[in-house]
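One structure is given below, encoded as structure tokens.
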Amino acid sequence: MDHNDILFHLAEDRASYQQAITPPIVQTSNFAFPTVDAFRKALVSKMDAHIYTRGNNPTVEILRRKMAALCGTEEALAFASGSGAVAAAILSCVNAGDHIVCIQRPYAFTKVLIDEFLGRFGITCTYVDARNPANIAAAFRENTKLLYLESPNSLTFDLQDLRACADVARDHGVLTCIDNSCATPFFQRAADFGIDLVVHSGTKYLSGHSDAMGGIVCGPRHLLKKMFAHEFMALGGLMSPRDASLILRGLRTLHLRVQRSNESAIFLTKRLHQHPAVHELYYPYHPSFPQFELAQKQMKGGGGLFSILLRTDKIAEVDHFAESLNCFAMAVSWGGHESLVLPLSGFYQVPGQEDHPLPFQLVRIYIGLEDPDWLWADLKQALDGIT
């Protein structure tokens, strides 16, 4: 199905809501039934029927259907946050005493979930450098049930060969799950490479306006149906109809926004790579990136997120660089219309962060929808201040 059909028409039955161009926010917790038989039939298919908004809501259902189609999967579920989607996906794959193989630097709260929450139930994890699929195979045990990926991840942008990962996991009877938020469904359809569960943070590119929270899990119907009956319904981490409506609005322009961000990031990374204050650049679509060929093989674009390593040994200079930027907001999330900067120096000298695995000179930058020449002038003046 063409992305235009998905973004602008799929699942939108305008005849049922007075031909409104924008789907309504069905702001109700409960749905009534005209007969006992109608109620009975709905209970047979809770995942598809409208019984209670904690299960299925018409506004949220439109988003679910669009996301499943964009990701090339049979089904999708929508959660209150990206972390909620990650948690449900992982929990649906493991039981007490099982083992997980995970990339070496996952999103911080994914690691908290695995180490501090699942660890209470005897679920163990081996973190590996998954840039080499052989490391994954070597880490598998008899009780390994899940391979968890992020390609690219959000600080150093390490990639995994998704086809190779899916193949080795399938050979060992292990399910695969990926956080695909950085790539979006437009730049990488992980399910096409054989990945079982695909997670997206709706808070980021999908919404695109920094005003909604949400997470999506896409995958085959049999896995999502099991997740719906347990992790989704029992834990209650549903997306609200209002947030679903905001993310639906964001999907209308997703293809345009990610392409703009991608083009601007390519423009800016070329210039950053040449600046003497930049020691190293981390961006999958720059030729200097060690996995550049793999990025071109399995991604259609690098997106608007990258990191630079500043050439300095002083935390104060990293702080000054970030604070000198006038066109970039300092914030942790990304994927909206606005450009952002996140210096890792901010994590240093913070209780509990004493052993941060990455150097304080690393600065993550997100490129929004502003004019790239305007952004470059701002980046250059801040970099020129590093002695």
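Around I90, with a cut-off of 15 angstrom between Cβ atoms, what is the net charge of the other residues, counting Lys and Arg +1 and Asp and Glu -1?
Details: positive: K111, R120, K145, K226; negative: D98, D115, E116, E150, D179, D196, E231.
Computed value for this residue: -3.
Mind checking which of A316, L305, L375 is farthest towards the positive end of region 254-384's charge dipole, using Cβ charges of +1 (Lys, Arg) and -1 (Asp, Glu) about the Cα centre?
Working it through, the farthest residue towards the positive pole turns out to be L305.
Could you work out the relative contact order of the chain, using alpha carbon pairs under 8 angstrom and six or more residues apart, expressed as a whole percent? Write out the running numbers ahead of the final one.
Numbers: 735 pairs, mean separation 60.0, N = 387.
Across the chain, relative contact order equals 16 percent.
From zero up to wherever the largest Cα-Cα distance of region 254-384 sits, split into 10 Å bins and tell me the percent of pairs in each.
Percent of Cα pairs in each bin: 13, 44, 34, 9, 0.
What relative contact order, as a whole-number percentage, does region 154-278 give when Cα pairs under 8 Å and 6 or more residues apart are counted? Kindly include the intermediate steps, with their values, before the conclusion.
On the way: 114 pairs, mean separation 24.0, N = 125.
The normalised contact order for region 154-278 reaches 19 percent.
Give, as a single signed number, the net charge of other residues whose beta carbon lies under 10 Å from the beta carbon of L175, with Lys and Arg counted +1 and Asp and Glu -1. Write down the numbers at each step before the final one.
Working: positive: K145, R170; negative: D196.
Neighbour charge sum, excluding L175 itself: +1.
Can you tell which of Y52, Y127, Y285 shows the greatest fluctuation in a Gaussian network model of the chain with Cα springs below 10 Å?
Y52
So, with +1 on the Cβ of K and R and -1 on the Cβ of D and E, and no other charges, what is the size of the charge dipole of region 3-252 about its Cα centre, to the nearest 20 debye?
Numbers: 24 positive and 24 negative charges, 102 e Å.
The calculated dipole for region 3-252 is roughly 480 debye.
If N is the number of residues in the chain, what value comes out of its Cα radius of gyration divided by 2.2 N^0.38 Å? Don't skip to the answer; put the middle values down first.
Working: Rg = 21.6 Å, N = 387, 2.2 N^0.38 = 21.2 Å.
In units of the globular-protein estimate, the chain measures up at 1.02.
Please give the calculated 222 nm ellipticity per residue for the chain, where each DSSP H segment of at least 4 residues contributes -39500 (n - 2.57) and the sum is spread over every residue; nearest 500 deg cm²/dmol?
Working: 14 runs with 135 residues, N = 387.
Rounded to the nearest 500, it is -10000 deg cm²/dmol.
Restricting to Cα pairs below 8 Å that are 6+ residues apart, what does the relative contact order work out to for region 280-356? Please round to a whole percent.
Working: 63 pairs, mean separation 15.6, N = 77.
This gives 20 percent for region 280-356.
Using a cut-off of 15 Å between beta-carbons, work out the net charge of the residues near G237 (Lys and Arg +1, Asp and Glu -1, G237 not included).
Once all neighbours under 15 Å are counted, the net charge is 0.
Pick out which of I90, I216, I114 has the largest mean-square fluctuation in a Gaussian network model of the chain, springs linking Cα atoms closer than 10 Å.
Checking each option, the largest mean-square fluctuation is seen for I114.
Rank by packing, highest mean first: peptides 314-324, 205-215, with packing defined as the count of other Cβ atoms within 10 Å averaged across residues.
Working: 314-324: 16.8, 205-215: 22.8.
Going from most to least packed, we get 205-215, 314-324.
I'd like to know which of C165, N57, S345 lies farthest towards the positive end of the charge dipole of the chain, counting +1 on Cβ of Lys and Arg and -1 on Cβ of Asp and Glu.
Positive-most Cα among the choices belongs to N57.
With the chain treated as a Gaussian network of Cα nodes joined by springs under 10 Å, which of L256, L91, L325 yields the largest mean-square fluctuation?
L256
Which of V278, V94, Q296 sits farthest toward the positive end of the charge dipole of the chain, with +1 on the Cβ of Lys and Arg and -1 on the Cβ of Asp and Glu?
Positive-end residue among those listed: V94.
Computed from the coordinates by the stated procedures, all read-outs in this text should not be read as laboratory data. Being a predicted model, the structure only gives us computed values, none of them experimental. Reconstructed Cβ throughout: ideal geometry from the backbone, glycine too, with neighbour counts over all protein chains shown.
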